[in-house]
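Written out below as structure tokens is the structure these notes cover.
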Amino acid sequence: MLGPVHRWIWRDTERRAHKLLRFGETETDGGRDLVRASELTPDPLLRRLYLVHAVDEHRHGEMFRRRGADVLRALPPGVKPSFQGDWLAPSGHGADDLNVGEESDDDLLAFLHLSEKAAAERFSVYRDVLQDDVPTREIFEEILRDEVFHMNYTLVQLARVSPERHRWHLWRARFSRLWKGYLRLATALAGVLGSLILTIQYFVLLPPFAWLAKRAERREQPGWAPISPERNNSLRRQY
Ligand SMILES: [Fe+2]
Ligand SMILES: [Fe+2]
């Protein structure tokens, strides 16, 4: 349904380059979180899988960054930065900053499964709309295969470490993502409303004060004015 919006977002070469660079950062950040998760988990199989996953995310980061830099370098000089629309086409991966040290393995796996699923869905849309940029399209195609593997292994492992409560962990992670999405939306809305109210205040409250100041200025006599003798004593205090 959002195909035309994404096609428009990715058509602009400058925006595409910066988007790829930001996706690169998100992937590398995700890789770092997974290295930390592999240090903390007591489960040897999860440790190995988290490490493989971390290496994948690090590689995705490199691929996105390299392609973003190539696209940026190919731009003619003097191109102006365009509207980025990050909230319209996010990366899908842990945009909600994950605190690995505070999560148990089952919560982490549930969170990772949903993030990877979201990333896989978004990357398949981005791959489909990038028909005119074959190298970037191929990068999404390759990364998408890894994301599907990440999405599947996290679900299988969640069912292994928490056979009875894995559905409950998934619902909790879904609710947490929904809540964070709501908070992001509410923050953006508060920013827009704040700017609107301040603009209205500027145009409604300030003009009467400006008018009063101008009227007082007109009543002032130009030049020096003599002051009364009782105010003309020598100064004993500052005011
Ligand atoms: Fe990735
Ligand atoms: Fe991934």
### Net charge dipole size for the stretch 9-49 [Lys, Arg +1 and Asp, Glu -1 on Cβ; Debye, nearest 20]
160
### Selection from 189, 46, 157 lying farthest towards where the dipole of the chain points positive, charges on Cβ
189
#### Entry: the chain: calculated mean residue ellipticity at 222 nm from DSSP helix runs of at least 4, using -39500 (n - 2.57)
-26000 deg cm²/dmol
### Task
List the extent of the Cα atoms of the stretch 122-175 along each of their three principal axes, largest first, rounded to whole Å.
47, 21, 9
### Message
Out of all Cα-Cα pairs in the chain, roughly what percent, to the nearest whole number, are more than 27 Å apart?
### Response
53
### Sites matching GluC sites (Glu not before Pro) across the stretch 188-239 that sit in DSSP coil, with at most 11 neighbouring C-beta atoms within 10 Å
220
### Task
Just name one of 148, 100, 124: the one whose Cα is farthest towards the positive end of the charge dipole of the stretch 93-150 (beta-carbon charges, Lys/Arg +1, Asp/Glu -1).
124
#### Entry: Per residue accessible area of the chain, 1.4 Å probe, in Å²
67
### Protein accessible area in the stretch 193-239, 1.4 Å probe - carbon and sulfur %
63
### Task
Give the Rg (one decimal place) followed by the Dmax (whole number) of the stretch 167-216, computed from C-alpha coordinates and expressed in Å.
21.5, 72
## Note on the structure
For the stretch 1-76 the chymotrypsin sites (Phe, Trp or Tyr not before Pro) that pass both the DSSP coil test and the at-most-14 other-Cβ-within-10 Å test are none
#### Entry: Once exposed loop trypsin sites (Lys or Arg not before Pro) are cut out (DSSP; at most 15 other Cβ, 10 Å), longest piece of the chain
1-164
### Task
Distance between Cα centroids, the stretch 105-137 to the stretch 151-229: provide it in whole Å.
30
### Query
How far apart, in nm, are two points set 7 Å out from the Cα along the Cα-to-Cβ line at residue 142 and at residue 182?
4.1
### Query
For the stretch 126-239, what is the charge dipole size about the Cα centre, in debye to the nearest 20, if Lys and Arg each add +1 at the Cβ and Asp and Glu each add -1 at the Cβ?
1020
### Query
Accessible surface of residue 5 in the full protein assembly, 1.4 angstrom probe, to the nearest 10 Å²?
50
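The values are calculated or read from the model by the stated rules, or taken from the named source; none is laboratory data. Since this is a predicted model, take the numbers as computed values, not measurements. Reconstructed Cβ throughout: ideal geometry from the backbone, glycine too, with neighbour counts over all protein chains shown. Please note that ligands, DNA and RNA were not included when accessible areas were found on the heavy atoms of the full protein model with its side chains. Shrake-Rupley method; radii C 1.70, N 1.55, O 1.52, S 1.80 Å.
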